[in-house]
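Participant: Handing you a structure now.
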Amino acid sequence: MERDKHFVLGVYEDEDVLLDAVAQVRNSGVKIHEVYSPFPVHGLDEALGYKRSRLPIAAFLFGMLGTTLALTMQFYMMKFDWPMIIGGKDFAGFPNFVPVTFELTVLLAAFGMCGVFFVSSNLKPWGQPRIFDIRVTDDKHVMAIDLAANAKLDEQQIGEVLKATGASEVNKKNFD
Amino acid sequence: MGKQVIDINWDQKFDFAGTFKKPIMKVLVLGAILLVAGIVIEMMAGGHEEVAEAGDHAYHWYHRLFAAIWVNNIYFAGIAVIGVFFFALQYAAQAGWSAPILRIPLSFGNWLPYAAVITIVSYFIVGHDIFHWTHSYLYDVNDPQYDRIIDGKGGFFFWPMAKGSFPIFFIVRMVVFFAAWALFFNKLKQLSYAEDLEKSDSYWRRTRTVSAIFLVFFAVSSSVAAWDWIMSIDTHWFSTMFGWYMFASWFVAGLSAVTLITLFLKDKGYLEMVNSNHIHDLGKFMFAFSIFWTYIWFSQFLLIYYANIPEESVYFVERLQSELYGPLVFVNLGLNFILPFLVLMTRDAKRHGVFLKVVSVLIIVGHYIDYTLMVQPGTLREHGGLV
Amino acid sequence: MQVTSSLREPLITGGKTLKDVTHDVSRHVEGKPTLSWILALLTSVGVLGVGAIALAATLWEGIGMWGLNKTIGWAWDITNFVWWVGIGHAGTLISAVLLLFRQKWRMAINRAAEAMTIFAVICAALFPVIHMGRPWVGAYWALPLPNTFGSLWVNFNSPLLWDVFAISTYFSVSLVFWYIGLIPDFATIRDRATGLRKTIYGALSFGWDGAAKTWFRYEAVALILAGLATPLVLSVHTIVSFDFATSVIPGWHTTIFPPYFVAGAIFSGFAMVLTLMIITRKVFKLEDYITIGHIELMNIVIIITGSIVGIAYITEFFIAWYSGVAAEQYAFINRAFGPYWWAYWAMMTCNVISPQLFWFKKIRTSIVLTFILSIVVNIGMWFERFVIIVTSLHRDFLPSSWAMFSPTWADMGVYLFTFGLFFTLFLLFAKFFPVINMAEVKSIVKSSGEKVKK
């Protein structure tokens, strides 16, 4: 069977049932393709075994880039390229450079991180989502299980596992 | 997540016996020895030659002791009242996360009556050497040392008595603030105990009301206390930010003390309910308010530096352009901003006791230095410093 | 495991289910515009049009159309600028600071508050641009461009330039924060729609599929953005206050300005949020999401920030006396008892006294009184900036330069223009965008909804 084409879907109504179900399904040896929810479910990432996000690191690095750029720019312009006496202060009056440095740090950290988020999550205006069940943006949680990734079990058996964990419906979805 | 049964030993009591008493006593003795040694060294170091030439304003060894006493008074009174403030804040904000640790900040309030007595008594001993405005010649128009600016402020200290006599207004404020803080503390303590014993929401509601009233009182009294006890040392100088600056300093030091004691008790096997999420929240508080203190410090500094009006900038000139205090200003910023900021930036550091303990100690020491920098230049001039 | 406490009020009433949330919010986007909305939009566009005449006159004739004079070189324009920027603080405060403090009640109001923030900042930014006189000649001079563009480098020692960086950073970061929050909700609307609407909301939703992995990253992004936006929101009004406080003008140069301006900004921002939310919840029938509880909490924020502002006023007054600086003392006496005494007392009444009424539970849980007081606060905060700016300037150092300021029709018209712009944008937002963050509200339906409580 081809990968990423044929799925069994377990539909869940309640986030706490879902969290238990994810743990039980994983314990029973079934690999979960992904879970789709209408809202962020706390603890779902841990239940699915996702590693901690590295987005904070991206934000930090972009922030440092912002700090460096801001300081370089200000010192270069005010101290070296065209020094002028303003308010009787030193050409490189560091305290005066703090506000702009702060702003550019935040600007680059925020935009850099969001850029990484959009790219890594494949979010773009022309993006076409693969919709397993249209209700996941409304009121249902859907656990998708790739049949090809669970070759040991057939559709029937996976459906039973899902039912046993509290799925209100079990459906099948094929993509061509 | 499923149903979790939380099994907590509710009857656990903190037993202040041998194992705790001993180290504390040791620290006490060590402190006493250092105090005596410090006095002796200061006496030996002299300052005798200057006595002759400088007359009334000569530097004596005990000035140093007095300045240190004043720093301690204000710093520890601050941490004590911040404990009560933090407790009240949690109730007013209906915070749930802090419930297991709230008794720790509340307990800080136990110091308030002692702080009150020590501060008031020591004012009568050290006040004259700490506060320039206590000198009566400043208000005497015929005296060559008459000071028109300080004369203008005199009412703030002496009203309704004659300027230069007994600073009744100042003393009354000091007594009222301490008394009110201690009373609020007692009330909150009673309500908090009652809430535990009688399982009723009504105590929570009453605690919330008392907390809200305390917060209003504290908002005003902390600022006025800052003007009275610290800002008036540099009598000519003024800054509208000062009240909030001192509050920020107190608050972050108090938060660090709460964190440090929580971690300490946790290590000893107490506070079973406290998990790494609580520790994380305390860490976030310390991180955030270190930045807040820096924000206040920087805003005050930048505005004075930028406008460069002599009567204001003298405050920073005295500190930054002094060989003694200049480096301390940077130590102050390093301990209270740069180190906490860098160390506590990651999530792991805020959840692990080791980092937090180190940072709490840094901040507690750092803000002691902060207070030293507020008090010493105005009282000891070139005789100050940390060692 | 849901832990409930008898002390926590439900944040969502009416026993709403997840489906109800989707329906209650989406139907306004999907339905035909109501008559009241069309009338409101026409009024706003009308105001915009009338204001545009004043704006056109100002741009055509120059800044001479305004009532400024040599002594009072900054008046209505910068008063309006600071006022709008201040209003623009509540949205990011609600979404960022309250997120960090895990205040779940933010979820029902953050979307509209952030939208309001963005529109208020747009209105604010217009004033410095208009004040350039002929902005088409060189608004880009505010950016650090090399000399070949005809000027020297910008002056990084100037607080006005810091403002350029602060406001543009704040605007763009707030916009991104707001938009990322909107993506899942656009997906919800996309999945309910057909035809052209599906295409448009499909593009707006960036191909969102609700995967756990994406949600997990989304939450990480929201948390870090909140961490970045919190100091950012403080920095913006801090830097606005630097515009005044770095100077040596008595009444402007005072060190408490940064935190005091921030508190004032939050104060006026929450007042504007209340004004708008009270109307929105009524018109869109969202009373179950924006409950009396929400209004009460916002009123408590107003008491706190109003009191902080009050303490700052008293501090300024006291320190002016304590400083012994004659000019400083005069500036404050002149504020309270000089020719502009009415502006000062309007400010004191509206900002310090009126919010204290919210100590009474009856008042802070009354919709009508809250609505009235929220407008009173906004009037007060406008007067605060007027008092600080005009009253401090009108008595110059040289008595021969003493002057009074009176606004011209162009001053008022340009202010009116920004009102028209603000409400036009807000009404368009309220019609075409989901006014409540559905995804976030859904996440608390179970824990903070009415069902578990009963």
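Participant: Which of the residues belonging to segment A:72-97 are assigned to a helix (DSSP H, G or I), within 7 Å of another protein chain (Cβ to nearest Cβ) and under 21 Å from C:Thr246 (Cα atoms)?
Facilitator: Of everything in segment A:72-97, those that are assigned to a helix (DSSP H, G or I), within 7 Å of another protein chain (Cβ to nearest Cβ) and under 21 Å from C:Thr246 (Cα atoms) turn out to be A:Gln74, A:Met78, A:Pro95, A:Asn96, A:Phe97.
Participant: Would you point out the residue of segment A:117-133, among those that are in a loop (DSSP other than H, G, I, E, B) and in contact (Cβ under 8 Å) with a residue 40 or more places away in the chain, that is farthest from the other protein chains (Cβ to nearest Cβ)?
Facilitator: A:Asp133
Participant: So, in segment A:134-164, how many residues would count as being crowded, with 20+ Cβ neighbours inside 10 Å, more than 9 Å from chain C (Cβ to nearest Cβ) and assigned to a loop (DSSP other than H, G, I, E, B)?
Facilitator: 1
Participant: Just the residues that are open to solvent by 20 Å² or more (accessible area, probe 1.4 Å) and either in a helix (DSSP H, G or I) or β-branched (Val, Ile, Thr) (or both), please, taken from segment C:58-70.
Facilitator: Hits for segment C:58-70 are C:Leu59, C:Trp60, C:Glu61, C:Ile63, C:Gly64, C:Met65.
Participant: Would you pick out the residues in segment B:176-203 that are surrounded by 13 or more Cβ atoms within 10 Å (Cβ to Cβ) and within 14 Å of chain C (Cβ to nearest Cβ)?
Facilitator: Selection gives B:Glu195, B:Tyr203.
Participant: Also, quick follow-up: So which of A:Ala92, A:Ala109 is outside the structural domain of A:Val17 (by TED's automatic domain parsing) and over 30 Å from B:Arg347 (Cβ atoms)?
Facilitator: Answer to the selection: A:Ala92.
Participant: I'm told C:Gly133 meets every condition in (1) in contact (Cβ under 8 Å) with a residue 12 or more places away in the chain; (2) assigned to a helix (DSSP H, G or I); (3) more than 26 Å from A:Met73 (Cβ to Cβ) except one. Can you identify the failing condition by its number?
Facilitator: (2)
Participant: Quickly run through segment C:175-199 and pick out the residues that are away from every other protein chain (no Cβ under 11 Å) and basic (Lys, Arg).
Facilitator: C:Arg197, C:Lys198
Participant: Quick check on segment C:98-145: of everything there that is of a type in the set (Val, Ile, Thr) and closer than 29 Å to C:Ala54 by Cβ, which residue is surrounded by the most Cβ atoms within 10 Å (Cβ to Cβ)?
Facilitator: Checked segment C:98-145; the qualifying residue surrounded by the most Cβ atoms within 10 Å (Cβ to Cβ) is C:Thr117.
Participant: Does C:Ile300 count as at pLDDT 95 or above, open to solvent by 10 Å² or more (accessible area, probe 1.4 Å), on the phi < 0 side of the Ramachandran plot and among the hydrophobic types (A, V, I, L, M, F, W, C)?
Facilitator: no
Participant: Looking only at segment A:15-47, which residues are open to solvent by 20 Å² or more (accessible area, probe 1.4 Å), on the phi < 0 side of the Ramachandran plot and either facing chain C (nearest Cβ under 7 Å) or under 18 Å from the mean Cα position of the chain (by Cα) (or both)?
Facilitator: Passing the criteria: A:Glu15, A:Ile32, A:His33, A:His42, A:Asp45, A:Glu46, A:Ala47.
Participant: Also: Take segment B:356-379 and flag every residue that is open to solvent by 60 Å² or more (accessible area, probe 1.4 Å), more than 15 Å from the chain's Cα centre (by Cα) and touching a residue at least 24 places away in the same chain (Cβ under 8 Å).
Facilitator: B:Lys357 - this is the single residue of segment B:356-379 that is open to solvent by 60 Å² or more (accessible area, probe 1.4 Å), more than 15 Å from the chain's Cα centre (by Cα) and touching a residue at least 24 places away in the same chain (Cβ under 8 Å).
Participant: Any chance you could count how many residues in segment B:269-293 are among the acidic types (Asp, Glu) and either assigned to a helix (DSSP H, G or I) or open to solvent by less than 10 Å² (accessible area, probe 1.4 Å) (or both)?
Facilitator: 1
Participant: Pick from B:Ser249, B:Ser276, B:Ser211, B:Ser221: which is modelled with pLDDT of 95 or more and outside the structural domain of B:Ala92 (by TED's automatic domain parsing)?
Facilitator: Answer to the check: B:Ser249.
Participant: Can we say B:Ala226 is outside the structural domain of B:Leu89 (by TED's automatic domain parsing) and closer than 21 Å to B:Val329 by Cα?
Facilitator: So B:Ala226 fails the test.
Participant: Kindly list, by first and then second residue, each pair from a residue in segment B:251-268 that is in contact (Cβ under 8 Å) with a residue 60 or more places away in the chain and open to solvent by 10 Å² or more (accessible area, probe 1.4 Å) to a residue that is outside any helix (DSSP H, G or I) and of a type outside the set (S, T, N, Q), limited to pairs with Cβ atoms under 7 Å and residues at least 6 apart or on different chains.
Facilitator: B:Leu265/B:Leu271; B:Lys266/B:Val274
Participant: Oh, and also: Please enumerate the residues belonging to segment B:131-170 that are over 15 Å from B:Ser232 (Cα atoms), open to solvent by less than 40 Å² (accessible area, probe 1.4 Å) and within 14 Å of another protein chain (Cβ to nearest Cβ).
Facilitator: B:Tyr139
Participant: Same structure again: Looking at segment A:48-68, which of the residues that are surrounded by fewer than 15 Cβ atoms within 10 Å (Cβ to Cβ) and more than 30 Å from A:Ala21 (Cβ to Cβ) is farthest from the other protein chains (Cβ to nearest Cβ)?
Facilitator: Only one residue tops the list, namely A:Thr68.
Each row is one residue, and each column tells you yes or no for (1) at pLDDT 95 or above; (2) of a type outside the set (A, V, I, L, M); (3) within 23 Å of C:Val376 (Cα to Cα).
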{"site": "C:Thr43", "(1), (2), (3)": "yes, yes, yes"}
{"site": "C:Gly49", "(1), (2), (3)": "yes, yes, no"}
{"site": "C:Ala56", "(1), (2), (3)": "yes, no, no"}
{"site": "C:Asp77", "(1), (2), (3)": "no, yes, yes"}
{"site": "C:Leu98", "(1), (2), (3)": "no, no, no"}
{"site": "C:Met107", "(1), (2), (3)": "no, no, no"}
{"site": "C:Ala139", "(1), (2), (3)": "no, no, no"}
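Participant: Being modelled with pLDDT of 90 or more, buried (at least 17 other Cβ atoms within 10 Å of the Cβ), within 11 Å of chain A (Cβ to nearest Cβ) and not in a helix (DSSP H, G or I), is that true of even one residue in segment C:146-164?
Facilitator: yes
Participant: Please determine whether any residue of segment C:93-101 is out of contact with any helix residue (DSSP H, G or I) (no Cβ under 9 Å at 6 or more places or on another chain) and within 14 Å of another protein chain (Cβ to nearest Cβ).
Facilitator: Checked against the condition, which is being out of contact with any helix residue (DSSP H, G or I) (no Cβ under 9 Å at 6 or more places or on another chain) and within 14 Å of another protein chain (Cβ to nearest Cβ), segment C:93-101 yields at least one hit.
Participant: Looking at segment C:245-261, can you tell me whether even one residue there is within 19 Å of the chain's Cα centre (by Cα), more than 7 Å from every other protein chain (Cβ to nearest Cβ), open to solvent by 10 Å² or more (accessible area, probe 1.4 Å) and more than 30 Å from A:His141 (Cα to Cα)?
Facilitator: no
Participant: Quick one: would you say A:Gly10 is more than 10 Å from chain C (Cβ to nearest Cβ), surrounded by 16 or more Cβ atoms within 10 Å (Cβ to Cβ) and under 24 Å from A:Ser121 (Cβ atoms)?
Facilitator: Here the answer is yes, as A:Gly10 does meet what is asked.
The values are calculated or read from the model by the stated rules, or taken from the named source; none is laboratory data. Quick caveat, the model's predicted, so the values are computed rather than measured. Note that each Cβ is placed from the backbone with ideal geometry, even for glycine, and that neighbours are counted across all protein chains shown. Ligands, DNA and RNA are excluded from the accessible area calculation, which covers all protein heavy atoms including side chains. Shrake-Rupley method; radii C 1.70, N 1.55, O 1.52, S 1.80 Å.
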